[in-house]
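Q: The following block contains the structure, expressed as structure tokens.
The values are calculated or read from the model by the stated rules, or taken from the named source; none is laboratory data. Because the structure is a prediction, the values reported are computed rather than measured. Neighbour counts are summed over all protein chains in view; Cβ atoms, including those assigned to glycine, are modelled from backbone coordinates with ideal geometry. Ligands, DNA and RNA are excluded from the accessible area calculation, which covers all protein heavy atoms including side chains. Shrake-Rupley method; radii C 1.70, N 1.55, O 1.52, S 1.80 Å.
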Amino acid sequence: MDGLKIDEVAKQSGLTKRTIRYYEQIGILPSPPRSEGGFRLYSQEHVDFLKKITNAKEVLGFTLQELQEFITLSYMLELQRMDYRKVKGTSLQKEKLEKVYHTVNEQLELIEQKKKNILKLETDLVSLRDRAKEALIRFEKEET
């Protein structure tokens, strides 16, 4: 059975072997098949998926729980898209498309909540910086 060993996956994905195993353990990464000797044998799809996870985690700042939710929605979306393609041109098309719409909307809501949290943090930091600057100006005036 051909496949990538965890060392190669770690190298290509930029993650540690421990992180890869942990993602598998908590259900974020689908379990790969194993060799006769019990070694995990990953595919290029696993590597690509790990890169996607890393991107979502780093760029969007997702916690593991949020990441799991986002990945679950991604799986659902892919299944719904395949279902939609199967019924294209039938009376079920609208129903399948509505499911796709709602799933994408849920993903967007996750991202929107992250953006709100980041903007609030930014606002708080700008306020703190401005108050510190005002205090420094007062100190400079008192010294002169």
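Q: How many residues does region 41-65 hold that are part of a helix (DSSP H, G or I), within 15 Å of the chain's Cα centre (by Cα) and closer than 20 Å to R18 by Cα?
A: 15
Q: Something else: Name the single residue that is nearest to K115 (Cα to Cα) among those in region 12-40 being open to solvent by 70 Å² or more (accessible area, probe 1.4 Å) and not in a helix (DSSP H, G or I).
A: If we take residues in region 12-40 being open to solvent by 70 Å² or more (accessible area, probe 1.4 Å) and not in a helix (DSSP H, G or I), then T16 is nearest to K115 (Cα to Cα).
Q: List, please: which pairs have Cβ atoms under 6 Å, are six or more places apart or on different chains, and start with a residue in region 16-40 that is among the small types (G, A, S) and end with one that is assigned to a loop (DSSP other than H, G, I, E, B) and open to solvent by less than 80 Å² (accessible area, probe 1.4 Å)?
A: S35/L41
Q: All but one of (1) closer than 20 Å to G27 by Cα; (2) open to solvent by 80 Å² or more (accessible area, probe 1.4 Å) hold for L77; which doesn't?
A: Looking at each condition in turn, L77 falls short on (2).
Q: Looking only at region 41-53, decide whether some residue is touching a residue at least 24 places away in the same chain (Cβ under 8 Å), of a type outside the set (K, R) and open to solvent by 50 Å² or more (accessible area, probe 1.4 Å).
A: Within region 41-53, one or more residues are touching a residue at least 24 places away in the same chain (Cβ under 8 Å), of a type outside the set (K, R) and open to solvent by 50 Å² or more (accessible area, probe 1.4 Å).
Q: Whether any residue in region 96-118 is over 24 Å from the mean Cα position of the chain (by Cα) and charged (D, E, K, R) is what I want to check.
A: Yes, the conditions are met somewhere in region 96-118.
Q: Taking L67, is it open to solvent by 30 Å² or more (accessible area, probe 1.4 Å) and within 30 Å of L121 (Cβ to Cβ)?
A: no
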